[in-house]
Every structure is written in structure tokens, then in C-alpha cells.
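Since the structure comes first, as C-alpha cells, the remarks are kept for the end.
The values are calculated or read from the model by the stated rules, or taken from the named source; none is laboratory data. Computed from a predicted model, the values in this text were never measured in an experiment. Because the Cβ atoms are built from the backbone with ideal geometry, glycine has one as well, and the counts that use them run over all protein chains shown. Heads up: the accessible areas ignore ligands, DNA and RNA and are worked out on the full protein's heavy atoms, side chains in. Shrake-Rupley method; radii C 1.70, N 1.55, O 1.52, S 1.80 Å.
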Amino acid sequence: VSDDSAPTAPTFVPVGAADGPRLGNDATLVDLIDRVLETGVTISGDVVLSVAGVDLVYLGLRLVLKGIEGDETLP
Amino acid sequence: VIHLYALTAEPPTSVGLAGVDGAPVTTIEAGALLGVTSEHRSAPAATADNALVHAAVIAAVGEQVPTLPVRFGTHHRDDAALREALAETEVALLAALARVGHAVEYVVRAEATPDAPRIPVPTRADDDGQSQSQGPGRRYLEERLAEQHAAEAADDAARARVGAATAGLDTIAIAVAERVGRSGPERCFLVDREATDAFAEAAAAAAAEGGLVVGGPWPPFTFAAEVTG
């Protein structure tokens with residue numbers, strides 16, 4: 001991750017920055033990336049699935065929340 | 001397009017974040033929610049670097065206000081489209097924000113075993129009679145089936161080892177979830193920000209005894225929500 005944005009982003013600490021990684025160590029970055037791409041709230045909208053910078057799929061998704069207290073399918 | 005990072009119910013106390021491709025991060029009001037966003041000419045690619053920046057922006061905002069992380073790859077054509085999408089699910093999103101927005105996620109898993117196949121392999125023979133023979137097709141399928149069984153056995157062993165080593169962490173966490181990630185079975189812990197020091201210390205001790213890996217603290221991706229259809 002580049003730190004090009006550092007001068008204009010005082011609260012943004014890029015991964016691997018000199019003052020310490022915000023998001024963990026190298027051993028677990030793959031786990032974090034897995035989460036970013038596979039989990040988290042998804043809002044109905046357009047989702048792009050890309051491989052090697054080429055957009056392969058562009059589709060709309062409906063939101064289904066699966067919370068820790070049970071499933072809740074949204075209309 | 002509008003790239004969406006996270007949702008909050010109150011504005012971050014500090015601005016000036018740089019997002020994917022260095023685009024400035026801004027907030028868009030949408031009813032009772034605020035979308036943490038950046039604007040792009042085209043949808044950012046799903047690269048590892050972009051995913052990490054996405055996570056870092058969410059983490060930065062999450063340190064300021066309760067934050068609900070959004071899965072990478074959700075884009076809307078403009079502010080109005082985002083507001084429309086959020087309006088449809090505002091109640092549920094606010095509930096999810098209240099449930100997990102104040103917490104962080106840790107993960108504990110076994111050390112990765114790169115030799116174990118993680119991609120499911122086909123196990124059914126075609127219905128053309130070949131499955132009844134001893135030909136190369138059947139041998140191939142049997143080998144793949146054996147690999148799959150070996151991988152499942154390895155996952156079961158790892159799951160049991162992680163479960164036994166981390167059982168003591170459950171009482172420190174708000175919630176616990178199990179999933180199978182890229183590196184195998186893992187236990188995910190939702191931890192209040194006030195308890196992160198205690199949890200990290202206990203998790204490190206458990207991991208050291210069991211040869212496990214600890215990740216976090218991260219935005220609570222696993223506990224926020226997931227797409228199931």
C-alpha cells in the first residue's frame with residue numbers, strides 16, 4: 001500500500017507505515033483481505049468482481065443481513 | 001461511481017482521509033445514516049492493495065465513531081442512487097450498526113498448511129457409464145475425492161485445535177463466529193474496543209500454546225453482515 005496520500009491524510013495510516021501497521025502483520029493480511037472481499041455489509045447496488053484488473057462480472061445485489069443474532073432477509 | 005466503505009450514524013471527528021486510488025474520502029448523508037465514500041471515474045478493481053486501503057479507511061473511521069464496514073465492491077452511480085439503496089434498508093442497517101459498530105474483530109486460526117487443497121473438487125462421475133469402469137476418469141475422480149477427504153479431515157483437526165485453545169476467549173468477547181477462510185477454519189471474535197488489550201493478551205497466550213495465528217483488531221466484517229443470496 002502506497003503512502004502517497006499521507007501528506008493530505010493526517011488520520012490515515014497506510015499498512016506498513018513507519019509508525020506501525022494499523023491492520024496487523026503480514027501473516028494475517030490474507031485473512032483481512034479475505035474478509036474485505038467476502039464479508040461486511042453489502043448494500044443493494046452494483047458489485048464488480050475483478051481478476052487481474054479486468055472486470056469480469058458487474059451485477060446488482062440485494063442485501064441480506066446475517067447478523068450474530070440470526071438471519072434477517074431484507075425486502 | 002461512488003465507492004462505499006462504511007456506514008455510520010454520526011460524522012467522523014476528523015476528515016482528510018485518502019481512500020482507494022488516493023481519492024478523498026467524504027461522507028454522504030442518507031436519512032439517519034452517513035455513507036463513507038469516495039468518487040471514481042470507474043469502479044476500483046478488486047486488488048489486494050485496494051482491499052487493504054478499503055479496510056484501512058474503515059478502521060480509521062471506526063476509531064472515531066461507531067462504524068459498520070461495507071464489503072468491498074459495492075458501487076453506486078451517484079449520491080442519489082446510494083441514498084435510495086440505503087433508504088430501503090435503513091432500519092436493519094441501523095440495528096446492525098448498533099450491534100457491532102462499537103466493536104472490533106479478531107481471528108484465531110491454525111497456521112496455514114499450503115499443501116492442503118482449499119478449492120472444492122468435483123466428486124461425481126458423469127452418468128455415461130464411465131464411472132462403472134476402472135478407466136482413467138474414475139481414477140482421477142477417486143484421487144480428487146481422496147484429496148477432498150484429506151482436506152476435510154485436516155480442517156476438522158484444525159477446527160478442533162483452534163476451538164480447544166480458544167475456548168477461554170469466549171467470555172471476553174461479545175460474540176463468537178466460526179468460518180472457513182482462505183487459510184482454513186477460524187474462530188472470529190467480536191470484542192468491545194474497551195476490552196481489546198485484555199483480549200489481545202489472552203489470545204496471544206492461547207495462540208502461543210497451540211501454534212495458532214491471531215489477526216486483528218479489524219473492523220467487524222464477519223459480524224456486520226454477509227451476502228447469502
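The table below lists the values:
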read-out	value
Cβ crowding within 10 Å averaged over residues, with B:25-34, B:150-159 ranked highest first	B:25-34, B:150-159
The range B:1-109: trypsin sites (Lys or Arg not before Pro) in DSSP coil with no more than 10 other Cβ atoms inside 10 Å	B:ARG41
Cα centroid of the range B:12-89 to Cα centroid of the range B:176-229, whole Å	23
Solvent-accessible area, 1.4 Å probe, carbon plus sulfur percent, for the range B:4-47	49
Anisotropy class of the range B:131-200 from Cα gyration tensor, a/c 1.5 cut	prolate
Other-chain or far-sequence residues with amide H under 5 Å of B:ALA9's (modelled H)	B:LEU34
Potential extension, B:GLU39-B:ALA153 segment - 0.36 nm per residue separation minus Cα distance	36.5 nm
Taking the range B:33-110 and dividing mean pair separation by its residue count, relative contact order in percent (alpha carbons under 8 Å, at least six apart)	39
Per-peptide average of other Cβ atoms within 10 Å, ordering B:5-11, B:183-189, B:196-202, B:44-50 highest first	B:183-189, B:5-11, B:44-50, B:196-202
Cβ neighbours within 10 Å from other chains - mean over B:55-65	4
Rounded if a/c under 1.5, otherwise prolate or oblate - chain B, Cα gyration tensor axes	oblate
Cβ-based charge dipole, the range B:136-229, positive-most Cα from B:LEU141, B:ALA165, B:VAL191	B:LEU141
Accessible surface, per residue, of chain B when the full set of protein chains is kept, probe 1.4 Å, Å²	45
Simple label model, 7 Å out from Cα along Cβ direction - B:GLU209 to B:THR171, nm	1.3
Summed buried accessible area for B+A [probe radius 1.4 Å, Å², rounded to 100]	5000
Residue mean of other protein chain beta carbons inside 10 Å, B:175-186	3
Shielding by partners, peptide B:212-219 (average Cβ within 10 angstrom, other chains)	5
Relative contact order (%) - chain B, alpha-carbon pairs under 8 angstrom, separation at least six	23
Most fluctuating residue given options B:GLY101, B:GLY210, B:GLY22, as computed from a GNM of chain B linking Cα atoms under 10 Å	B:GLY22
